[in-house]
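I have placed the structure first, in the form of structure tokens, so that the comments after it can refer back to it.
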Amino acid sequence: LGTQIHYEESVGSTQKIAHHLANEDAPEGTVIIAEEQLSGRGRMDRKWHSPKYTGVWMSVILRPNIPPPKAPQLTLITAVAVVQAIEELTGLSPQIKWPNDILINGKKVTGILTELQADADRIISIIIGIGINVNQQIEDYPDEIKNIATSLSIESGKKLQRAELVKLLLHKFENLYLLYLEKGFYPIKLLWESCAISIGKTITARTITGSIHGKALGITEDGVLMIEDEAGKVHHVYSADIELS
Ligand code: BTN
């Protein structure tokens, strides 16, 4: 990964550029990194605050030969890679909140946005967007996210080298991706579960069709969350916001 890196000072969104490059046959592993995003995007059409020189805002183009329903696995691989990179750089122990939030002391430090271009039975490309809050201080955050967001610098008390983090992340990501292509999802699932906070806990998952309340049992082989409700029925959740409760 990262044999081709497109580095930009300021962009709308690295995701948008990645989609564009993917349509122009950019090879697997192409990376787009920007110092600043003017319209960074999060999941569910939310905004992603991406101020200049403070974070890692990047998108990676992958072209795995897997069936489209397995695409969520890539989000989980990415989350494990981010956790490993942060651990190595800072000594902190981040945790994963399914499917894609990485938290330190209960506050969000990283978001992952996975977007898929696929035919009925074949993936054309997967664009993985990663936003890591690195050197922001608490006063830099807008009021509406002050209580829920943090940065590596706030949590470690140090100013960190973003380039170092990118290097570590691409290295970890590549190793996990190759492991996945060779051995399948199972070894990744074990790593993911060992740093997930919600598994075994009672949670509420808000999906577009309604809420499901129950115990998070774990994830399936495809990376789908399983929740057992009070009546003992097991629900498979593909996309939701979850809350520990
Ligand atoms: C989320 O938690 O909702 C996902 C946030 C993803 C943010 C990253 S930053 C790089 C890439 N470009 C974007 O516009 N979004 C993703």
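Bear in mind that the values in this text are calculations on the coordinates, not laboratory data. Keep in mind it's a predicted model, so treat the numbers as computed, not measured. We place every Cβ from the backbone using ideal geometry, glycine too, and count neighbours over all the protein chains shown.
Give me the percent of DSSP beta bridges within the range 1-86 that run antiparallel, rounded to the nearest 5.
45
Exposed loop GluC sites (Glu not before Pro) only (DSSP loop, at most 12 other Cβ atoms within 10 Å): please give the longest stretch of the chain free of them, not including the sites. Before the final figure, lay out the partial values.
Values: sites that count: Glu24, Glu221, Glu230.
The longest such stretch corresponds to 25-220.
For a quick check, take a GNM of the chain with Cα springs below 10 Å and name the residue from Leu178, Leu21, Leu168 with the largest mean-square fluctuation.
Leu178
Any idea what the relative contact order of the chain is, in percent, if you count C-alpha pairs under 8 Å spaced at least 6 apart?
Numbers: 503 pairs, mean separation 40.6, N = 245.
17 percent.
Per DSSP helix of 4 or more residues, -39500 (n - 2.57); summed, then divided by the residues of the chain. What does that give at 222 nm, rounded to the nearest 500?
Working: 6 runs with 69 residues, N = 245.
Using -39500 (n - 2.57) per qualifying helix, the result is -8500 deg cm²/dmol.
Using the C-alpha gyration tensor of the range 1-77, what are the square roots of 5 times its eigenvalues, in whole angstrom, with the largest one first? Working shown, then result.
Working: eigenvalues 95, 50, 23 Å².
Ellipsoid half-lengths, sorted descending, are 22, 16, 11 Å.
If you filter the range 12-111 for chymotrypsin sites (Phe, Trp or Tyr not before Pro), then keep DSSP loop positions with at most 14 other Cβ within 10 Å, what is left?
Answer in residue order: Tyr53.
Take the alpha carbon atoms of the range 102-119, find their center, do the same for the range 161-230, and report the distance between the two centers in whole angstrom.
One Cα centre to the other: 10 Å.
Eigenvalues of the Cα gyration tensor times 5, then square-rooted: what semi-axes does that give for the range 202-244, in whole angstrom, largest first?
Working: eigenvalues 37, 33, 16 Å².
Square roots of five times the eigenvalues give 14, 13, 9 Å.
Counting other Cβ atoms within 10 Å, keep those with at most 13, restrict to DSSP loop, and tell me which trypsin sites (Lys or Arg not before Pro) in the range 164-212 are left.
In loop regions of the range 164-212 (DSSP not H, G, I, E or B), the sparsely surrounded trypsin sites (Lys or Arg not before Pro) are Lys201.
Out of the range 137-245, which chymotrypsin sites (Phe, Trp or Tyr not before Pro) are coil in DSSP terms and have no more than 12 other C-beta atoms within 10 Å?
Tyr238
Toward the positive end of the charge dipole of the chain, about the Cα centre and with charges on Cβ (Lys, Arg +1; Asp, Glu -1), which of Pro64, His235, Leu38 goes farthest?
After comparing all options, I get His235.
Just the projected area, averaged over all directions, of the convex hull on the alpha carbon atoms of the range 5-194: how many nm²?
Working: hull surface 40.5 nm².
Orientation-averaged projected area of the Cα hull: 10.1 nm².
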